[in-house]
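Accompanying notes for the structure given below.
The values are calculated or read from the model by the stated rules, or taken from the named source; none is laboratory data. Since this is a predicted model, take the numbers as computed values, not measurements. Heads up, the Cβs are rebuilt from the backbone with ideal geometry, glycines too, and the neighbour counts pull from every protein chain shown.
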């Protein structure tokens, strides 16, 4: 095997793409800051007992585990940052009331979710702690929408789900029925002996993809009247959909769609309420995902309700229309003190100045200007005319 080969579903990010991803990260963190989210940086690895506390089996299976030679304890490399943020909020900050936190960092998965994804996602996200109020879910949804727009991604749709239906309808998450719900396999559900089978089938049938301008209210009102057991779920979804519909009216320059799918709980199974996934026609899996998870922090000694979302920057980069500012100044690759002083002055003004030999190649930058020696310059001339000039590159 060649020494430079990487493991399967692991790849380098080359110059132009790396610059684009880094600029998206900056834009998004700046957007989070305008909402009042504070940045935290949890470690890449920690003890497995802490890393997987309060999470589901699927996250456990995605986590690389190894032995710490210093303590002989098992440590894990994070597959998801959200539980770490819950630990920071509950155990380290220990605040009362609402806390808004955000983060950006690498994660590692034992296997890809499909053959189009990397095992090393670059995760960025935002979380609200300390409230069960649905206003927090609405804020997260609005922030998620604005984040994707700021990252140059459009033509996406948001799928609203609700994890609480699992508890209400007494569905075993390890059962064939649960897997059939996730797979949208109607035949298995129809053949099930589960006592709430008819309600589950009704839920599967009312999934509606539209722009929130159609009659989704009547559809869900009829469902609630038919199955009163679903009242709390339907009321939550109605409030969120109304908010998103109004929000969409303020951003008419972007195509905005929403799928109401109560069974769409793609992601890690620690969610306890509303869930939200964002889909794009050019991606095989959600480009953003999140939801309410009110029980994760209880394992750290404090019950802190929470909701949030995350995005894999490496996944959305090919979907983004953002163009990096790649304009640069080409300078000769020679030793000259006056040239270095001139280059330094340009860089202090924010210009990108690159010294290259004549046959050098570079991908990320486009040279719009170049530095040339002044043909009228005379050494030791009393006029002291400028030795180096900035001119437009042909």
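In this structure, is residue 363 modelled with pLDDT of 90 or more and more than 30 Å from residue 162 (Cβ to Cβ)?
no
Is at least one residue of segment 162-172 assigned to a strand (DSSP E or B), at pLDDT 85 or above and not assigned by TED's automatic domain parsing to the domain that holds residue 290?
Yes, the conditions are met somewhere in segment 162-172.
The rows are residues; the columns are (1) farther than 23 Å from residue 99 by Cβ; (2) loosely packed, with under 14 Cβ neighbours inside 10 Å; (3) in contact with a strand residue (DSSP E or B) (Cβ under 9 Å, 6 or more places away or on another chain); (4) in contact (Cβ under 8 Å) with a residue 40 or more places away in the chain.
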residue: 142; (1), (2), (3), (4): no, no, no, yes
residue: 147; (1), (2), (3), (4): no, no, yes, yes
residue: 150; (1), (2), (3), (4): no, no, no, yes
residue: 157; (1), (2), (3), (4): yes, no, yes, yes
residue: 170; (1), (2), (3), (4): yes, yes, no, no
residue: 176; (1), (2), (3), (4): yes, yes, no, no
residue: 179; (1), (2), (3), (4): yes, yes, no, no
residue: 184; (1), (2), (3), (4): yes, yes, no, yes
residue: 189; (1), (2), (3), (4): yes, no, no, no
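Do we find that residue 296 is more than 15 Å from residue 19 (Cα to Cα) and buried (at least 23 other Cβ atoms within 10 Å of the Cβ) in this structure?
For residue 296, the condition - more than 15 Å from residue 19 (Cα to Cα) and buried (at least 23 other Cβ atoms within 10 Å of the Cβ) - is met.
Among the residues of segment 98-114, write down those that are at pLDDT 90 or above and over 18 Å from residue 32 (Cα atoms). Can you show your working first?
Going residue by residue through segment 98-114, those that are at pLDDT 90 or above are 98-111.
Across segment 98-114, the qualifying residues are 106, 107, 108, 109, 110, 111.
Listed here are the residues, each with its yes/no results for (1) touching a strand residue (DSSP E or B) at 6+ places or on another chain (Cβ under 9 Å); (2) surrounded by fewer than 14 Cβ atoms within 10 Å (Cβ to Cβ); (3) assigned by TED's automatic domain parsing to the domain that holds residue 144.
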{"position": "6", "(1), (2), (3)": "no, yes, no"}
{"position": "37", "(1), (2), (3)": "yes, no, yes"}
{"position": "53", "(1), (2), (3)": "no, no, yes"}
{"position": "59", "(1), (2), (3)": "no, no, yes"}
{"position": "67", "(1), (2), (3)": "yes, yes, yes"}
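Could you check segment 201-239 and list, in sequence order, the residues that are in contact with a strand residue (DSSP E or B) (Cβ under 7 Å, 6 or more places away or on another chain), more than 19 Å from residue 278 (Cα to Cα) and modelled with pLDDT of 75 or more?
Within segment 201-239, just 233 meets the criteria.
Based on this model, can you work out whether residue 127 counts as over 15 Å from the mean Cα position of the chain (by Cα) and outside any loop (DSSP other than H, G, I, E, B)?
no
Yes or no: residue 112 in a helix (DSSP H, G or I) and either in contact (Cβ under 8 Å) with a residue 40 or more places away in the chain or within 15 Å of the chain's Cα centre (by Cα) (or both)? Break it down into steps so the answer makes sense when it comes.
Numbers: in a helix (DSSP H, G or I): no; either in contact (Cβ under 8 Å) with a residue 40 or more places away in the chain or within 15 Å of the chain's Cα centre (by Cα) (or both): yes.
So residue 112 does not fit the description; no.
Test of understanding: among 275, 263, which residue is modelled with pLDDT under 85, within 30 Å of residue 83 (Cβ to Cβ) and buried (at least 18 other Cβ atoms within 10 Å of the Cβ)?
Every option except 263 fails the conditions.
Which helices (runs of 4 or more DSSP H) does segment 1-72 wholly contain that include 1 or more residues that are farther than 30 Å from residue 179 by Cα?
Helices (runs of 4 or more DSSP H) meeting the threshold: 15-34.
Considering only segment 83-107, how many residues are closer than 22 Å to residue 22 by Cβ and in contact (Cβ under 8 Å) with a residue 60 or more places away in the chain?
Selection size over segment 83-107: 7.
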